[in-house]
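Below is one structure; the comments refer to it alone.
Readers should treat all values here as calculations from the given coordinates under stated rules, not as data from a laboratory. Values in this document were obtained by computation on a predicted structure and should not be read as measured data. Ideal geometry is used to build each Cβ from the backbone, glycine not excepted, and the neighbour counts take in all protein chains shown.
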Amino acid sequence: MDSYDAPQSTPRQSASSRPENCFIGATPLQKRLESVRKQTPFVPTPPRRKIPQCSQLQEDVDPQKVAFLLHKQWTLYSLTPLYKFSYTHLKEYSRLLSAFIVAEKQKGLAVEVGEDFNIKVIFSTLLGMKGTQKDSEAFLVQILSKSQLPSENREGKVLWTGWFCCIFGDSLLETVSEDFTCLPLFLANGAESNTAIIGTWFEKTFDCNFSPLAINAFNLSWMAAMWTACKMDRYMAATEFLWSVPCSPQSLDISYAIHPEDAKALWDSVHKTPGEVTQEEVDLFMDCLYSHFHRHFKIHLSATRLVRVSTSVASAHTDGRIKILCHKYLIGVLAYLTELAIFQIE
Amino acid sequence: MDETVAEFIKRTILKIPMSQMTTILKAWEFLSENQLQTVNFRQRKESVVQHLVELCEEKHASLNDAALLDIICEDVDPFDMKQFKSSFKKVLQRALKNVTVSFRDTEENAVWIRIAWGTQYTKPNQYKPTYVVYYSQTPYAFTSLSTLKSNIPLLGQALKIASKHQEIVKMDLRSRYLDSLKAIVFKQYNQNFETHNPTTPLQERSVGLHVNMDSRIIHENAMEKERVQRITQETFGDYPQPQIEFAQYKLETKFKNGSILAEREEPLRCLIKFSSPHLLEALKSLAPAGIADAPLSPLLTCIPNKKMNYFKIRDK
């Protein structure tokens with residue numbers, strides 16, 4: 001696939017500053033929602049074209065620096081814009097959040113036996129984690145355990161990591177004033193109790209709101225198609241789908257793994273438009289998988305619930321959990337997630 | 001002694017090969033040690049038989065005694081539990097100096113075996129034992145293997161030798177429920193199926209078809225629903241299904257859907273896993289729920305009959 005180049009080729013970039021027009025780059029679902037809001041009749045347009053998110057990371061990013069983001073399970077949240085957040089105050093935020101965490105834990109709100117209260121909070125920026133220059137700079141928050149020995153191991157063990165980013169978040173940027181910083185996608189790894197405490201602090205401090213980001217079957221199918229479309233030198237894992245069947249009285253899970261080369265061959269056979277992925281192609285790709293399955297088992301997978309997709313690029317679960325496996329397509333994966341987050345906020 | 005009984009005994013003894021004669025007569029326990037000592041087994045067979053019949057006459061052999069002899073002849077090498085156990089233990093102990101083997105007899109002619117594995121140099125690990133349940137009257141054994149892969153061939157060897165079979169083959173059938181495996185393997189799962197009355201009208205037995213009080217309301221596709229119910233019932237039966245938790249299919253089949261991938265010769269390599277707390281019951285409910293066609297694919301319905309839940313499917 002082509003690396004991402006001139007902004008002009010993106011429909012999104014050609015949108016004017018009017019909020020209504022920022023939906024030109026929307027998915028069919030968003031378009032429908034928009035027309036319902038405006039109470040205009042929905043006119044079916046040709047299947048929305050979406051550029052496959054296979055861009056390279058920008059030149060000034062050290063792949064080593066973002067390596068720690070890969071192969072980790074992240075829980076996703078959407079985040080409304082932060083009010084009066086400043087990148088120059090990161091050290092102060094570290095201090096304030098640290099104090100807050102310790103206070104909360106001593107209150108007994110988050111009780112974990114044997115917990116070490118010697119923790120340190122670090123705020124840092126993640127350079128290069130953006131789609132366009134307009135995107136706000138991504139930043140990272142980490143809770144580390146303070147080492148008892150001052151000499152060795154200055155940096156303790158990382159207990160919790162959370163990062164905030166915005167990849168191609170133009171549609172959101174255009175709707176807010178300058179006092180706000182838009183970082184709609186939040187990813188957390190670590191104990192749920194820590195996520196809750198940190199979320200509370202951010203909500204209080206910046207008047208924002210976190211909301212768990214679920215991924216529905218429609219978007220999971222898109223992800224599966226787009227990630228299968230990505231060109232890979234080497235495949236690390238099979239392309240795998242998990243469906244949950246709503247039958248009673250017993251639950252039934254169906255896992256369908258296909259050799260990654262075969263999945264790619266199937267996709268290539270379905271794919272017609274160079275450099276783009278269309279709704280039609282996604283539907284056809286999924287239909288092929290359904291029909292192959294039906295031929296053998298006489299079961300209609302389309303009547304069941306898609307719960308998880310996994311490829312060599314990334315894996316995603318409907319509960320809003322994601323694991324990114326390939327640094328080459330990191331930005332691409334995040335771009336789609338940013339879009340979902342923005343959609344949830346609006 | 002009756003003429004017919006005498007004749008019967010004579011013919012039965014004649015059938016016994018000379019090599020097994022003393023073994024069988026001893027197992028019969030009818031003729032005493034002393035009596036047997038008087039017989040010259042090196043004579044011609046006819047003479048031996050003649051002598052033995054005379055001895056039976058002396059002791060007034062009845063038809064029951066004769067019948068017992070017949071049984072013993074049939075079951076020449078009766079299963080000897082003690083011998084099985086000692087043989088099994090010996091095979092394992094000869095290979096691995098450190099191994100703990102324990103036995104427990106249960107009814108149904110089954111023996112539970114517990115094996116804790118060690119190596120030439122380390123003591124047996126009592127916390128990861130392997131359990132085997134062997135049904136002596138059948139060619140089946142069930143194992144729960146929580147041990148190193150390297151011990152598995154040795155276990156197979158021990159079972160084979162101790163049970164005096166030629167070969168041991170691992171079946172593609174796995175479950176957490178021993179009773180379900182037994183049900184499938186011994187075909188016991190339709191034992192509850194005693195009171196089925198084939199003339200009972202479908203409506204009374206079916207699930208999901210409501211009785212309508214208002215005759216103006218009809219089910220649009222009542223006929224199709226009935227067909228699905230009937231086929232499901234024919235396939236799965238009325239009885240509770242044996243409980244297994246998963247089925248796995250390794251598919252290497254060509255993709256067939258119009259022009260897509262039409263030129264491709266190679267098959268699609270897929271691995272499909274079904275999992276459920278009670279897989280067969282879940283599969284049974286799919287067609288009535290409209291999620292699957294009826295009849296369901298034989299790949300799924302054959303699981304109890306074929307005694308497999310791991311499959312490799314290729315194009316023919």
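Helical content alone sets the calculated 222 nm signal of chain B at -11500 deg cm²/dmol, taking -39,500 (n - 2.57) per DSSP H segment of four or more residues and averaging over every residue. With the cut-off at under 19 Å, measuring from each backbone N in the range B:87-130 to a point 7 Å along the Cα-to-Cβ line of B:S146 picks out B:99-104, B:112-119, B:123-130.
When you filter the trypsin sites (Lys or Arg not before Pro) in the range B:15-114 for DSSP loop state and at most 16 other Cβ atoms inside 10 Å of their Cβ, you are left with B:R42, B:R44, B:K59, B:K97. For the range A:188-335, evaluate the Debye formula with one uniform point scatterer on each Cα (no solvent term) and list log10 I(q)/I(0) at q = 0.18 Å⁻¹, rounded to two decimals. Listed by q, the Debye log ratios stand at -1.09. Express in whole angstrom the spacing between the alpha-carbon centres of the range A:269-327 and the range B:223-265. Value for the Cα centre distance between the two parts: 21 Å. With respect to chain B, whose longest principal axis is taken over its alpha-carbon atoms, helix B:222-236 is tilted by about 20°.
With the simple spin-label model, which puts each label point 7 Å out from Cα in the Cβ direction, the B:E54 to B:Q157 separation comes to 5.3 nm. Averaging the sequence gap over all C-alpha pairs within less than 8 Å and six or more residues apart, then dividing by the number of residues, gives the range B:241-316 a relative contact order of 44 percent. The angle between the Cα long axis of helix B:63-74 and the main principal axis of chain B comes to about 60°, on a 0 to 90 degree scale. The GluC sites (Glu not before Pro) of the range B:216-316 that meet both conditions, a loop assignment by DSSP and at most 11 other Cβ atoms within 10 Å of the site Cβ, are B:E220, B:E263, B:E265. The slack between B:R44 and B:K97, meaning 0.36 nm per residue of separation minus the straight C-alpha distance, is 14.1 nm. The range A:159-209 has equivalent-ellipsoid semi-axes of 23, 14, 6 Å, by the square roots of 5 times the alpha carbon gyration tensor eigenvalues, sorted largest first.
Between B:Y127 and A:Q73, what is the FRET efficiency for a Förster distance of 30 Å, r being their Cβ-Cβ separation, to the nearest 0.05? Calculated transfer efficiency: 0.45.
Compared with the dominant Cα axis of chain B, that is its longest principal axis, helix B:45-58 is turned about 80°.
Modelled this way, with points 7 Å down the Cα-to-C-beta line, the labels at B:Q137 and A:K272 are 6.8 nm from one another. Distance between the 7 Å Cα→Cβ label points at A:D319 and A:T88: 4.3 nm.
Note on chain B: Kirkwood radius taken over Cα pairs, Stokes-Einstein applied at 20 °C and 1.002 mPa s, translational D equal to 84 µm² s⁻¹. For the range B:1-108, the residue among B:Q93, B:T38, B:T4 whose Cα projects farthest onto the positive side of the dipole built from Cβ charges is B:Q93. Between A:V158 and B:L271, the FRET efficiency from the beta-carbon distance, with R0 = 30 Å, is close to 0.30. Computed across the range B:33-176, the Kirkwood radius stands at 18.5 Å (inverse of mean 1/r, all Cα pairs). Do any GluC sites (Glu not before Pro) in the range A:169-253 lie in a DSSP loop with no more than 14 other beta carbon atoms within 10 Å, and if so, which? For GluC sites (Glu not before Pro) across the range A:169-253 that sit outside H, G, I, E and B with at most 14 neighbouring Cβ atoms in 10 Å, the list reads A:E178.
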